[in-house]
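The values are calculated or read from the model by the stated rules, or taken from the named source; none is laboratory data. If you're wondering where the values come from, they're calculated on a predicted model, not measured in any experiment. Glycine also receives a Cβ, built like all others from the backbone with ideal geometry; neighbour counts cover every protein chain displayed. What goes into the accessible areas is simple: the full protein's heavy atoms, side chains included, and nothing from ligands, DNA or RNA. Shrake-Rupley method; radii C 1.70, N 1.55, O 1.52, S 1.80 Å.
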Amino acid sequence: MECGIDPRRFGNLLYLPKLWKDANTFRAQGGSIDNYWPFLDDYKQSAGSDRGHYFHQDLLVASLIHENNPKRHVDIGSRVDGFIAHVASYRTIEMLDIRPMPPSVHKNIVYVQADLMEPGVVNAVRADSVSCLHAIEHFGLGRYGDVIDPKGHITGFRNIWSMVEPGGRLYIAFPIGIETIVRFNAQRTFGRSEVFNWFDKKDYELERFDFVDDAGDLHTQKDVDAAISVQNGCGIYTFRKLEG
């Protein structure tokens, strides 16, 4: 059984001697230290990373929305300082989340606090473009104060799908692996084809599938089975709701 404690982080304590040495050098050169606020991780960090789940999914889906230019885009639970910010740089985006958030200082971000597990919340929302990036895997696990529900991801997904207008698109991304695994109460990892079992009826088409592999690299416009060996990746699905 896995646990949420990473013993590798204790290795950062090895940098304490360097911290004291740097502090002594700083004082010897006339500097004054009011208090210590060590960031031992940063001694070994790079300037940044252009890979991984959030980096790729946020940029990719934001670019797809820009390309498709929908009349209305609504997001559920995606990262505010990533995807939401990307989209808000060029258009209005409405976001729904169970968690509270102070009023946005950006004119293009419209926030509503809502629990997507409740059908009444989504009945009044219809949009030709909807997204939910790296959020559905948390539904029903109680991590964010939501009600415990082993099938919460299915309930949440169907509620979100009901928000999409006929002809509209749903962009959804979540962790994928060889099989579905529940890591309580953090998240679920889903088998790459599990999402197709969540629909009530065959009123969709998979317009495109992209995925991030275990190394954090993006693979665009692939067949779902191209991710067959991925164990800790991210599937990015673009579904189109059929009309009629």
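Out of everything in the stretch 200-223 that is open to solvent by less than 20 Å² (accessible area, probe 1.4 Å) and free of Cβ contacts under 8 Å to residues at least 60 places away in the same chain, what residue ends up being nearest to His53 (Cα to Cα)?
Looking at residues that are open to solvent by less than 20 Å² (accessible area, probe 1.4 Å) and free of Cβ contacts under 8 Å to residues at least 60 places away in the same chain, I get Phe211.
Just to be sure before I move on: is Ala114 more than 20 Å from Ile176 (Cβ to Cβ), touching a His at 6+ places or on another chain (Cβ under 8 Å), among the aliphatic types (A, V, I, L, M) and open to solvent by less than 50 Å² (accessible area, probe 1.4 Å) in the structure I sent?
Considered against the rule, which asks whether it is more than 20 Å from Ile176 (Cβ to Cβ), touching a His at 6+ places or on another chain (Cβ under 8 Å), among the aliphatic types (A, V, I, L, M) and open to solvent by less than 50 Å² (accessible area, probe 1.4 Å), Ala114 comes out as no.
Among the residues of the stretch 62-70, is any open to solvent by 60 Å² or more (accessible area, probe 1.4 Å), under 22 Å from Gly156 (Cα atoms) and outside any helix (DSSP H, G or I)?
Within the stretch 62-70, none of the residues are open to solvent by 60 Å² or more (accessible area, probe 1.4 Å), under 22 Å from Gly156 (Cα atoms) and outside any helix (DSSP H, G or I).
Taking the conditions exactly as written (in contact with an Asp or Glu (Cβ under 9 Å, 6 or more places away or on another chain), more than 25 Å from Asn69 (Cβ to Cβ), open to solvent by 40 Å² or more (accessible area, probe 1.4 Å) and among the basic types (Lys, Arg)), does Arg143 satisfy them or not?
no
Among (1) open to solvent by 80 Å² or more (accessible area, probe 1.4 Å); (2) within 17 Å of the chain's Cα centre (by Cα), which single condition is Val74 missing?
Checking Val74 against (1) open to solvent by 80 Å² or more (accessible area, probe 1.4 Å); (2) within 17 Å of the chain's Cα centre (by Cα), the one that fails is (1).
Going through Arg158, Arg169 one at a time, which residue ends up being charged (D, E, K, R), more than 29 Å from Ser229 (Cβ to Cβ) and out of contact with any Gly (no Cβ under 9 Å at 6 or more places or on another chain)?
Criteria check complete, one pass: Arg158.
Suppose we filter the stretch 76-113 for residues that are under 16 Å from Leu60 (Cα atoms) and polar (S, T, N, Q); how many remain?
The qualifying residues number 2.
For residues that are touching a helix residue (DSSP H, G or I) at 6+ places or on another chain (Cβ under 9 Å) and open to solvent by 20 Å² or more (accessible area, probe 1.4 Å), tally how many sit in the stretch 87-107.
Residues flagged as touching a helix residue (DSSP H, G or I) at 6+ places or on another chain (Cβ under 9 Å) and open to solvent by 20 Å² or more (accessible area, probe 1.4 Å) within the stretch 87-107 amount to 7.
Kindly indicate whether Val130 is in contact with a Gly (Cβ under 9 Å, 6 or more places away or on another chain), of a type in the set (Val, Ile, Thr) and surrounded by fewer than 18 Cβ atoms within 10 Å (Cβ to Cβ).
no
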